[in-house]
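Take a look at the structure set out below.
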Amino acid sequence: MSTHVAIIGAYGSAGSAVARQLADDPEIELTLIDDGDPGGGLCILRGCMPSKEVISAAKHRFAARRDDRLVGDLPEVDLERTVERKNEHTSSWAGHRRSSIESLAERETVELVRETATFVDDRVIEVGDRTIEPDYVVIATGSTPNVPPIDGIESVPVNTSADVLDATEFGDSAVVLGLGYIGLELAPYLSEAGGMDVTAIDILPELLPEADDGFGEELADYYREEFDMDVLLDAQASHVEETDDGGVRVTVEVDGETEVVEADQLFSFTGRKPALDRLGVENTSLSPGEEWVEDTMQAGDDERVFVVGDVNGREPILHVAKEQAATAATNIQAHREGDALTEHDSIHHHVIFSGLARLPFARVGHSADAAEEAGLDYVAVDSRAENDGVFKAKDASEGWARLVVAPDGTVLGYQGLHYHADAMAKTMQLAVEMELDVREIPDRAYHPTTPEILDALFRKATEKLAERDEATATQ
Ligand SMILES: Cc1cc2nc3c(=O)[nH]c(=O)nc-3n(C[C@H](O)[C@H](O)[C@H](O)COP(=O)(O)OP(=O)(O)OC[C@H]3O[C@@H](n4cnc5c(N)ncnc54)[C@H](O)[C@@H]3O)c2cc1C
């Protein structure tokens, strides 16, 4: 007898990945459910892709603005054209995603239902005008913007990342709440493409909490200097109200003082929360909250329910959603057979397109702090872009990189806040995940390319390890 699996959120990144893996199992009958209109998932429609698309226009203006070799009037970003081109691309990518799911549904064992799924009880799910009782359920319903519960915030219009991606006009000034990865991408866009005076507020004392000390400070200075932004850290908005001219007034507690900031528009980039509102979880024994999903991707309260992607509230980024999807699909098959389940354990791997992607941040594997916390012995070496002629020649000499290696040479981690750090994350993923010995990585620089900064790190680490070994030998 076949096993019936329902996937709620099948057009999304996580849901579609589970669907593709399970559709090949002849013993599984799949019901794929999604009520998205038009459907295609967050990453394609309002997340990773459209955000990179719009900031690429602002990046060109930024590069021209800061280059004193260019003369003439600085071009403006045509917001109408930017949004139009973004829409052309996203609708094509989303169409592709939908077709790939629809083609799965051409198989006899797979059906696609374009309706909202709502739990009636632990076993029964209402999908449109029918009910189903699957053996396993995959919840992959994604996330929605999290607007912070600040006193008075409901009395003013709050713009989220989705509004920014569709905006064809902006006011003269902005208050931005939140400089996490979304705020770090979009706040400079408001400044460069929108021409806004931006005041950005974050509750954390330093940007980039996942990075070692220094990276966040340098990025905050970059935003202040390059985008003329007021960056208020260790700061908390305590009250919001509308001004007489239709703008916003935000009261902020910063450094034990109270400041009042006024602007035309308020933007909230304060993270995302699991999209559970239409799912009827209150009719089940599931209790969403912190750590409600195990490393096997099973809900702690029901071993037949798997929760993947943003909705589990763990790490709301795309490649993690896909990894979790693979774990869930494999574990559904294992659970059916009564076999042991595997746990999802991903190596830290984040990329943030800060500074309009001219000064992106990437971390792969351990920072020095993370190595310390894990009780690992390590050696850390740094390299600054300004000391590398290649970065100077390419007019991008800001920022720096750090490599963390174990005493036996194993590469433990890389952090980069510099031009092309996003592209270098892949190389460093190989070095970290394949546990390469830094002393054995070929010392061959493709000159003059920006990854020479990695060669510099490898060389420095090799030298430092040799010095360390020598010191130990002479003791
Ligand atoms: C501005 C922005 C920029 C981002 N940039 C990056 C980036 O650069 N890199 C990166 O890795 N990540 C980025 N992300 C995060 C990334 O987009 C998400 O982590 C990823 O898209 C989550 O995928 P998912 O499958 O969990 O959810 P989704 O793709 O949102 O899929 C959820 C699906 O569930 C459906 N659904 C929901 N409820 C129901 C229901 N009750 N019944 C039926 N169907 C339902 C929805 O229609 C949707 O199709 C960004 C996000 C934002 C907002």
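Below, the figures for the structure above:
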{"item": "Which numbered condition Arg61 fails, given (1) among the basic types (Lys, Arg); (2) over 21 Å from Ala396 (Cβ atoms); (3) away from the ligand (no atom under 16 Å from the Cβ); (4) touching a residue at least 40 places away in the same chain (Cβ under 8 Å)", "result": "(2)"}
{"item": "Pair list, Cβ under 7 Å, 6 or more apart: segment 114-130 residue free of Cβ contacts under 8 Å to residues at least 40 places away in the same chain, other residue assigned to a strand (DSSP E or B)", "result": "Val124/Thr131; Gly128/Val113"}
{"item": "Among the candidates Ala325, Ala357, Ala371, residue that is touching a Gly at 6+ places or on another chain (Cβ under 8 Å) and within 13 Å of the ligand (Cβ to nearest atom)", "result": "Ala325"}
{"item": "Strands (runs of 3 or more DSSP E) contained in segment 178-258 and holding at least 1 residues touching a helix residue (DSSP H, G or I) at 6+ places or on another chain (Cβ under 9 Å) and among the acidic types (Asp, Glu)", "result": "197-201, 230-232, 235-242"}
{"item": "Residue match in segment 175-190 (condition: under 13 Å from Ala58 (Cα atoms) and free of Cβ contacts under 8 Å to residues at least 40 places away in the same chain)", "result": "no"}
{"item": "Residue that is nearest to the chain's Cα centre (by Cα), among those in segment 1-16 that are closer than 13 Å to Ala328 by Cα and not β-branched (Val, Ile, Thr)", "result": "Ala14"}
{"item": "Considering residues of segment 332-357 that are among the β-branched types (Val, Ile, Thr) and within 30 Å of Glu53 (Cβ to Cβ) only, the residue surrounded by the fewest Cβ atoms within 10 Å (Cβ to Cβ)", "result": "Ile347"}
{"item": "Sole residue being of a type in the set (Val, Ile, Thr) and farther than 23 Å from Glu133 by Cβ, chosen from Thr296, Thr270", "result": "Thr270"}
{"item": "Leading residue by the ranking (surrounded by the fewest Cβ atoms within 10 Å (Cβ to Cβ)) among those in segment 274-300 that are modelled with pLDDT of 95 or more and acidic (Asp, Glu)", "result": "Glu282"}
{"item": "Among the candidates Thr141, Thr118, residue that is part of a strand (DSSP E or B), in the same structural domain as Asp34 (by TED's automatic domain parsing) and within 17 Å of Ala299 (Cα to Cα)", "result": "Thr118"}
{"item": "Some residue of segment 419-426 being under 21 Å from Ser346 (Cα atoms), part of a strand (DSSP E or B) and modelled with pLDDT of 95 or more", "result": "no"}
{"item": "Qualifying residue in segment 366-376 (condition: in contact (Cβ under 8 Å) with a residue 24 or more places away in the chain, part of a strand (DSSP E or B) and farther than 18 Å from Pro209 by Cβ)", "result": "no"}
{"item": "Residue list for segment 73-108, restricted to those being surrounded by fewer than 17 Cβ atoms within 10 Å (Cβ to Cβ) and hydroxyl-bearing (Ser, Thr, Tyr)", "result": "Ser91, Ser92, Ser99, Ser100, Ser103"}
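The values are calculated or read from the model by the stated rules, or taken from the named source; none is laboratory data. Since the structure is predicted, the reported quantities are computational estimates derived from the model, not experimental observations. Methodologically, a virtual Cβ is constructed for each residue, glycine included, from the backbone with ideal geometry; neighbour enumeration extends over all protein chains shown.
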